[in-house]
Amino acid sequence: MKADLLFTGSELLTGLVENTNAGYLSRRLGGAGIQVREQRVLPDDLQAIAAAMERSLCLSDVVIVTGGLGPTDDDLTREAAAYCLRRKLRPDARQMQILEFFFQERGLEMPEANRKQALVIEGSTPLDNPRGTAPGALIETEGKLLFLLPGPPLEMQPMFEEAVLPLLRGRARDDFFLVKTLKCTGLGESQLAAAVKELGRWDNPSLSLAARGMEVHLQLKAQGETAAVEELIAAASHRLRRALRDYLYGEDEDTLAAVVSRLLIESGQTLALAESCSGGLLADMITDVPGSSRFFKGGLVAYSLAAKEASLGLDRTFLEREGAVSEWTARAMASAARRKLDATIGVGITGVAGPDTDLDGRPLGLVYIAIDNKDRVSCREMHFRGIRRTVKIRAAQAALTMLWRRVRPEV
């Protein structure tokens, strides 16, 4: 089964809004055995959207369109689909009731413009959207499936997971296409490529590598009968896990922060942070994970020497002697965070984010990261290239990798 993805919105073409729906849908469809044939970004133009729909319906089994279901004049996806399929748009009483309730529940009067969102394409099945005002739609035409989904990811993703994906999985053919992504950290792309090459040829499944910041993602793709494809992917995944066990932390939708969070919860440990050059980014990554309150005690951003002395209790004499960016300071920050916030693990990050050297002449990109878990304090000196923001992000990601190594079960 093949799918085309159409993304509407002139703001996507100009770069004003990042198209995060593309990667999400491609990954989820691939994981369900559906091959994405093409992705296209379209302007807010009825003729352009309708023409793209018509073309994709000729070439693929499934067409998914996101965006353009709002109440404004440039939201034209609904109208374009009706034009493409030569069907009428009709007011739907149930959709109008849902819209009116949405606004009433929030104590708001429904704007007149929102009435267009209650228009339903003749012969379509509305897809409810409890998170917004734009209902989706499923239209079956000549054996093909056309889905219209809202553009905002917080509305689109739940609708896709709850209404679209189960239907597509039920219609998968015997000729199956399956994708699995394995995620590694702590080793560069070229080094991983060399390690993978030693395992032999990769035909079916095929294997590709892609650097993603400080991570490398390995994507397996297999094609064949359903059961055989699943066995091929499972066997290949097992080979890679054995060979890359020191670097492979998760798969598919896993994130390093989520995996670290799960390990901390499972082991009953708690975490405290003291950040300097990363400016609270590590705390931000950790608290993005639902349930982080179960293990995360808190974080301190201690930027200046005075702040390190006042908030963390670091000795000013040692700070001035060793410098704000030093192994001693990182170790002291990790230990102080652990003690002050009564955690089992403390992390300290200090470095030079740039764009220039620090006051002591230490180079741009020099970062020290320390972890204290009572029994042992370890510290690594790292050197990152890039602009200020890049150094900050990489410092936080490197700290996550060190945390993962510290809390994962022995392998």
Out of ALA310, ALA337, which single residue is buried (at least 16 other Cβ atoms within 10 Å of the Cβ), out of contact with any Pro (no Cβ under 9 Å at 6 or more places or on another chain) and among the aliphatic types (A, V, I, L, M)?
-> ALA337
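Return yes or no: is GLU215 farther than 30 Å from SER311 by Cβ, surrounded by fewer than 17 Cβ atoms within 10 Å (Cβ to Cβ) and acidic (Asp, Glu)?
Answer is no for this residue.
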Return the pairs, sorted by first residue and then second, in which the second residue is part of a strand (DSSP E or B) and among the aliphatic types (A, V, I, L, M), the first residue lies in the range 238-252 and is within 9 Å of LYS183 (Cβ to Cβ) and touching a residue at least 60 places away in the same chain (Cβ under 8 Å), the beta carbons are less than 6 Å apart, and the residues are 6+ apart or on different chains.
-> LEU248/LEU182; GLU251/LEU182
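Can you tell me which of SER208, SER190 is assigned to a strand (DSSP E or B) and outside the structural domain of GLN397 (by TED's automatic domain parsing)?
SER208
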Hits in the range 17-61 - residues which are over 23 Å from GLN223 (Cα atoms) and under 19 Å from the mean Cα position of the chain (by Cα) | VAL17, GLU18, ASN19, THR20, ASN21
For the range 324-334, state whether one or more residues are over 32 Å from the mean Cα position of the chain (by Cα) and more than 24 Å from ARG405 (Cα to Cα).
-> yes
Select from the range 67-118 the residues that are surrounded by fewer than 14 Cβ atoms within 10 Å (Cβ to Cβ), of a type in the set (A, V, I, L, M, F, W, C) and farther than 30 Å from VAL41 by Cα and list them in ascending order.
-> ALA93, PHE101, LEU108
Single unsatisfied condition, ASP342 versus (1) crowded, with 22+ Cβ neighbours inside 10 Å; (2) at positive phi = (1)
Pair list, Cβ < 6 Å and 6+ apart or interchain, from the range 189-208 residues that are closer than 16 Å to GLN219 by Cβ to residues that are surrounded by 14 or more Cβ atoms within 10 Å (Cβ to Cβ) and polar (S, T, N, Q) = SER208/GLN219
Reported set for the range 160-187 where residues are among the small types (Gly, Ala, Ser) and assigned to a helix (DSSP H, G or I) is ALA163, GLY170
Is it fair to say LEU46 is of a type in the set (A, V, I, L, M, F, W, C) and touching a residue at least 40 places away in the same chain (Cβ under 8 Å)?
-> no
Do the conditions hold for GLY361, that is, is it in the same structural domain as GLU266 (by TED's automatic domain parsing) and either in a strand (DSSP E or B) or of a type in the set (Val, Ile, Thr) (or both)?
-> no
Would a scan of the range 11-29 turn up a residue that is surrounded by 20 or more Cβ atoms within 10 Å (Cβ to Cβ) and of a type in the set (Val, Ile, Thr)?
-> no
Could you please find all residues in the range 384-410 being at pLDDT below 95, over 20 Å from GLY250 (Cβ atoms) and either among the small types (Gly, Ala, Ser) or not in a helix (DSSP H, G or I) (or both)?
-> PHE384, ARG385, GLY386, ILE387
Based on what the data block shows, is LEU240 in the same structural domain as LYS340 (by TED's automatic domain parsing), buried (at least 16 other Cβ atoms within 10 Å of the Cβ) and part of a helix (DSSP H, G or I)?
-> no
CYS277 being over 18 Å from ILE34 (Cα atoms), of a type outside the set (Ser, Thr, Tyr) and in a loop (DSSP other than H, G, I, E, B) | yes
How many of the residues in the range 110-129 are assigned to a loop (DSSP other than H, G, I, E, B) and touching a residue at least 12 places away in the same chain (Cβ under 8 Å)?
-> 6
Scan GLY299, GLY250 and give me the residue that is in contact with a strand residue (DSSP E or B) (Cβ under 6 Å, 6 or more places away or on another chain), buried (at least 18 other Cβ atoms within 10 Å of the Cβ) and more than 19 Å from ARG405 (Cβ to Cβ).
-> GLY299
Expected single match for at pLDDT 90 or above and among the β-branched types (Val, Ile, Thr) among THR141, THR226 is THR141
Please find, within the range 369-411, the residue that is surrounded by the most Cβ atoms within 10 Å (Cβ to Cβ) out of those that are free of Cβ contacts under 8 Å to residues at least 60 places away in the same chain and of a type in the set (Gly, Ala, Ser).
-> ALA370
Candidate set: the range 131-146, residues that are under 25 Å from the mean Cα position of the chain (by Cα) and buried (at least 22 other Cβ atoms within 10 Å of the Cβ); chosen: the one nearest to VAL164 (Cα to Cα) | GLY136
List every residue pair whose Cβ atoms sit under 7 Å apart, with the two residues 6 or more apart in sequence or on different chains, where the first one lies in the range 145-166 and is touching a residue at least 24 places away in the same chain (Cβ under 8 Å) and farther than 18 Å from THR20 by Cβ and the second, anywhere, is part of a loop (DSSP other than H, G, I, E, B) and among the hydrophobic types (A, V, I, L, M, F, W, C).
-> LEU148/LEU69
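The values are calculated or read from the model by the stated rules, or taken from the named source; none is laboratory data. These numbers come from a predicted model, not from an experiment. Positions of Cβ are backbone-derived with ideal geometry, glycine not excepted, and every protein chain shown enters the neighbour counts.
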